[in-house]
Every structure is written in C-alpha cells, then in structure tokens.
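K.L.:
Sending over a structure as structure tokens; questions will come in a sec.
The values are calculated or read from the model by the stated rules, or taken from the named source; none is laboratory data. Bear in mind the structure is a predicted one, so any value in this text is a computation, not a measurement. Glycine gets a Cβ as well: all are built from the backbone with ideal geometry, and neighbour counts include every protein chain shown. Side chains included, ligands, DNA and RNA excluded: accessible areas come from the protein's heavy atoms. Shrake-Rupley method; radii C 1.70, N 1.55, O 1.52, S 1.80 Å.
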Amino acid sequence: MRVTRALPFSSGSFLGALPLSLIPFAPRELRAAALEAASLASRTLLYPAGMAQERYAPAPPAGGGEEEERVQPGSPPGGRQGKGRAGDAESREGEDCPPVLLLHGFVDNRSVFTLLRRSLVRNGWRDIRAFNYSPLTCDVRCAAERLAECVEEVCGSTGRRIDVVGHSLGGLIARHYVQRMGGDARVRTLVTLGTPHSGTRVAPLMSAHPIVRQLRPDSDVIEELAGPAPGCRTRFVAFWSDLDQLMVPVETARLDHPDLDSRNVRVSGLGHLTLPAHWEVAAGIRRELAAGASRRGERAERTDRGTTGAA
C-alpha cells in the first residue's frame, strides 16, 4: 500500500516548547526558518554529548517476544535499555514493539534524536539504541556495511527483528542495507525523515564531497536503489516536508518504488533540521512503529489525501 497523508502541525508549538505565537504574523516560511535556527542551536549544544558511540551491557537471559518477530527462534529478547518511569508514561503503545535503532544524517550524530528518544521511552519503548557512523564517511555502501554489523549485534542480543529510524543520509544508508544487502530479514519497519530517495539537487558546489555526489539524482547509488527489489519484507514509511530546503525537489524525500511496501507521510511547515526534533513528528513516528508491518496484499492500493498547513 502506498499512502500519502498530511501530518498537520499546530501553530502553538516550537520544538515542543516555545510557542510559534511569538511570531503570529510571520509567514509559514519564516516560522519554519525560526524552527530551523532553534534546531541548529540545540544541535550545536548537544553535539559533544553524542560524539561517542553508545555502549550496551550484555543482554540478560529472558523469555518472551512474538515468534514472528524473532530473527533466531529461541533467542532471548534481552537488551531492555532506557525504561521510562511510570510517572513519565503518556501511554504504553510501544510496550510490545521491537527494539528501535536510530541513524543520524550527514555530519551529525546520535544527539539529534534526543527528543525522539525521550518520546519513545515515555510511551513504552523499552529498547532504543543509536548508531554513529563516522562524519568522514565517503561511501553509502561502506556505511551500510557498518550498519549491518550493528544490526546483527542488536538482533543477536534480542533475538528479534528491529525497527530503524533514519534521518536524511541515515535513511538512505538504512535503505541500502535493507534493499540491497538482505537487511529486510532483520528490519521490520524503516522510517525515513527527509531522506533523498530519488536524489537531491541542492548545493551543487558541495559535490566535491564523494558522499554528496552519491546523493545526486544521477548517482550510481540512487540508480541502484531504483532497481528491482522483489520480495523485500521491510515496511517503509517516508516522512517528507513541503519546506525541506535540502530536498530539491521536496518530493524526492517520498519513496515510490513498485516493489516496496511504502507509505509516504507529508509534513507541512517544517524544515529539514527540525524533522527529528519536533514533538508532532515524534508522535507520527510512534504511530507508524506501533502500527507494525502492513500485509503485502494491501500494497496494490494507492491513496493520496489532502494536506493541512501549519500556518
């Protein structure tokens, strides 16, 4: 099933805290720019704390877990990390969901998911991990190989398939792993945020960097991902924004592939940097992760719904 629906954003939220009503007469583009500036400032402050790779204690032996979600039948679903306190819980919608692996974008690190991680923990997700790939990464395929090692480690410790959330380049790395390296056996749902699935034409002068060249519409990586992918078992959910400055055109963050079980969610009124740091996007991600994999028989249906602006 390919579904495009709007994710509306109220004018009373600013990164989940500062009200946009502070600039009530500003056009939506200016509001989005204000959100981007705030997101950039928060990233700068949090960046040092996210530079180190996360470390995890060995998973304690335990039983449980749904058989259909398990990678190796009989393996213990350990690795329960980051349990929220009962007083913080808004709901328990993620209590039975598999582990979530977070994958950041270009020259970023795991600190970009601070708000999303908090949102997941408070709503019942018990195992949330983040993977840092090197800011010096020059090839999507090499990064996907590193990701594969990380996913094998997570699946080996939990005995379950996992969900992955990738922002920007991170989403493309995860998609390459899932679609081209057999990662669909390990990944149940892949959520991408502002990922250039069809390539982006932004900032031609940055093409001197090898990985930026791989993000161009005519790159071999984009061409490879556009190729056939029969039998892919992963469900894809692509969040794309109508004000994403780094996606040119903005629709390139949609995922439309005839062989993939994909759902496109349009976000109105947010920029590229704000996508992983806005509470309503976090709520949308939680809903998609909780929904689980769609039945492959529904994939033939294609639905486009109207959009709702944030202004």
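K.L.:
Among all residue pairs at least 6 apart or on different chains, which show Cβ distances below 9 Å where the first residue, located in the stretch 168-183, is touching a residue at least 60 places away in the same chain (Cβ under 8 Å) and the second is open to solvent by 10 Å² or more (accessible area, probe 1.4 Å) and among the basic types (K, R)?
P.N.:
Listed by first residue and then by second, the contacts come to I173/R141; I173/R146.
K.L.:
Is there a residue in the stretch 156-177 that is crowded, with 22+ Cβ neighbours inside 10 Å, of a type outside the set (S, T, N, Q), at pLDDT below 95 and assigned to a strand (DSSP E or B)?
P.N.:
Yes - at least one qualifying residue is present in the stretch 156-177.
K.L.:
Every residue in the stretch 229-241 that is open to solvent by 30 Å² or more (accessible area, probe 1.4 Å) and either charged (D, E, K, R) or closer than 18 Å to G199 by Cβ (or both), please.
P.N.:
If the condition is that a residue be open to solvent by 30 Å² or more (accessible area, probe 1.4 Å) and either charged (D, E, K, R) or closer than 18 Å to G199 by Cβ (or both), then R233 is the only one that fits.
K.L.:
How do the pairs read when you match residues in the stretch 103-123 that are over 12 Å from S39 (Cβ atoms) with residues anywhere that are modelled with pLDDT of 90 or more and of a type in the set (K, R), using Cβ under 6 Å and keeping only pairs 6 or more apart or on different chains?
P.N.:
What qualifies is N123/R286.
K.L.:
Could you check, for the stretch 141-155, whether at least one of its residues is over 20 Å from T252 (Cβ atoms), buried (at least 24 other Cβ atoms within 10 Å of the Cβ) and basic (K, R)?
P.N.:
Scanning the stretch 141-155 turns up no residue that is over 20 Å from T252 (Cβ atoms), buried (at least 24 other Cβ atoms within 10 Å of the Cβ) and basic (K, R).
K.L.:
Of the residues S198, S207, S262, only one is free of Cβ contacts under 8 Å to residues at least 40 places away in the same chain and either in contact with a helix residue (DSSP H, G or I) (Cβ under 8 Å, 6 or more places away or on another chain) or closer than 28 Å to P99 by Cα (or both); which?
P.N.:
Sole residue among the options that is free of Cβ contacts under 8 Å to residues at least 40 places away in the same chain and either in contact with a helix residue (DSSP H, G or I) (Cβ under 8 Å, 6 or more places away or on another chain) or closer than 28 Å to P99 by Cα (or both): S207.
K.L.:
Mind checking whether some residue in the stretch 222-231 is at pLDDT below 95 and aliphatic (A, V, I, L, M)?
P.N.:
no
K.L.:
Give the number of residues within the stretch 178-196 that are open to solvent by less than 10 Å² (accessible area, probe 1.4 Å) and either of a type in the set (K, R) or assigned to a strand (DSSP E or B) (or both).
P.N.:
6
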